[in-house]
Amino acid sequence: MSSWECLSFATVDVYTANTYALIAHLNLLLILRHHPQAFSFQLTYATAFVAPTLALFLGYPVAWWCLTPVVAFLIQNVLEGIDKGTENLAALEGMRYRALGA
């Protein structure tokens, strides 16, 4: 295999990695905007980990490509924290004492 063929194979894989990372980022944007056609976080993680896996097998720096899964993890935790806080406020509102005539 010539060096030109190896270079074009690696270039195609970098484009593939960028495409999957872009898909993951666009889905995260849809999730943040509560769009009904947004995919689940499981599919977001699946697309986000394509790029680090390709980088690992091709010998590229993996740390840069791991940024997308880290962003997905942060967004998921923040949204879950907001949802849990909202549920706790609703439960607290339900426990409020209501005295008639007071």
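Listing for the model above:
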| item | result |
| --- | --- |
| Positions within the stretch 45-57 being open to solvent by less than 20 Å² (accessible area, probe 1.4 Å) and either over 9 Å from the mean Cα position of the chain (by Cα) or more than 17 Å from T16 (Cβ to Cβ) (or both), in sequence order | A51, P52, A55 |
| Boolean, V62 is in contact (Cβ under 8 Å) with a residue 40 or more places away in the chain, under 22 Å from A48 (Cα atoms) and surrounded by 10 or more Cβ atoms within 10 Å (Cβ to Cβ) | no |
| Selection count, the stretch 65-88, where residues are surrounded by 13 or more Cβ atoms within 10 Å (Cβ to Cβ) and either in a helix (DSSP H, G or I) or in contact (Cβ under 8 Å) with a residue 40 or more places away in the chain (or both) | 10 |
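The values are calculated or read from the model by the stated rules, or taken from the named source; none is laboratory data. Quick caveat, the model's predicted, so the values are computed rather than measured. Methodologically, a virtual Cβ is constructed for each residue, glycine included, from the backbone with ideal geometry; neighbour enumeration extends over all protein chains shown. Side chains included, ligands, DNA and RNA excluded: accessible areas come from the protein's heavy atoms. Shrake-Rupley method; radii C 1.70, N 1.55, O 1.52, S 1.80 Å.
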